[in-house]
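The values are calculated or read from the model by the stated rules, or taken from the named source; none is laboratory data. A quick note: this is a predicted structure, and the numbers were derived from the prediction, not measured. Reconstructed Cβ throughout: ideal geometry from the backbone, glycine too, with neighbour counts over all protein chains shown.
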Amino acid sequence: MEERNYTKGLLEALLFLSSDPIKLSALAKSCGIEKTEARELLDELILDYQEREGGFLLREIAGGYQFITNQKYSEILSHIFKDKKRETLSRGTLDTLAIIAYKQPITLTELDEIRGVSSRAMVASLMSKKLVKAVGQKEVPGRPTLYGTTNEFLLHFGLSKLTDLPTPVEVKELKFEDFTPESIIVTEETEMNPDFDLDSLPEELKEEKTNE
């Protein structure tokens, strides 16, 4: 029991010191235990923090494990740290992100058909924020680029995997209000990268992005 508690504490310390989610395999290797045992201990830690109802919770996010602040303190924390630079996604950009998330992989033409307007600028913006990426090319004439969400998207929205997304009635009916306020905040970590290379954008996005 003493060794088990020690290993559990070691897992807790590793997670506390990391600013990014840590994969189960990496945690198990660091502690010198099997993944099955690591998962059991992590499940115990998740329950421990839930029952404590303290300032932190342990969550399985973006394919790994990470400590997050308890949601019930979000309002007061937002006032305390009100000077932290934040940027909200526009309604059009958020709608575009939602459609990509639910319909991926998807082409720009398919996006435009669903939204009824051009989505080029929105996709380019989401790529610069590392929320969306090119995931391949569709095997049709012209081989248009296919787009999908990134690991950063999962991390930003507190998801472990894409199947954790809530099921919409219809993607065409997705609205800005379908997302909680905290879901539409782009923090400093996900703001547009000043070193983002426009040349890395697919050709179909470059013209409109350059003219913004």
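Among the numbered criteria (1) at pLDDT 90 or above; (2) closer than 13 Å to ALA101 by Cβ, which one does GLY136 miss? Here GLY136 clears every test but (2). Taken together, ILE100, ILE76, ILE33 contain a single residue that is over 17 Å from the mean Cα position of the chain (by Cα), in a helix (DSSP H, G or I) and among the β-branched types (Val, Ile, Thr), which is ILE76. Yes or no: the range 112-123 includes at least one residue that is in a strand (DSSP E or B) and touching a residue at least 24 places away in the same chain (Cβ under 8 Å). Within the range 112-123, not a single residue is in a strand (DSSP E or B) and touching a residue at least 24 places away in the same chain (Cβ under 8 Å).
For the range 1-24, residues that are of a type in the set (D, E, K, R) and under 18 Å from LEU159 (Cα atoms) total 2.
Of all residues in the range 53-64, none satisfies being surrounded by fewer than 15 Cβ atoms within 10 Å (Cβ to Cβ) and within 16 Å of PHE153 (Cα to Cα).
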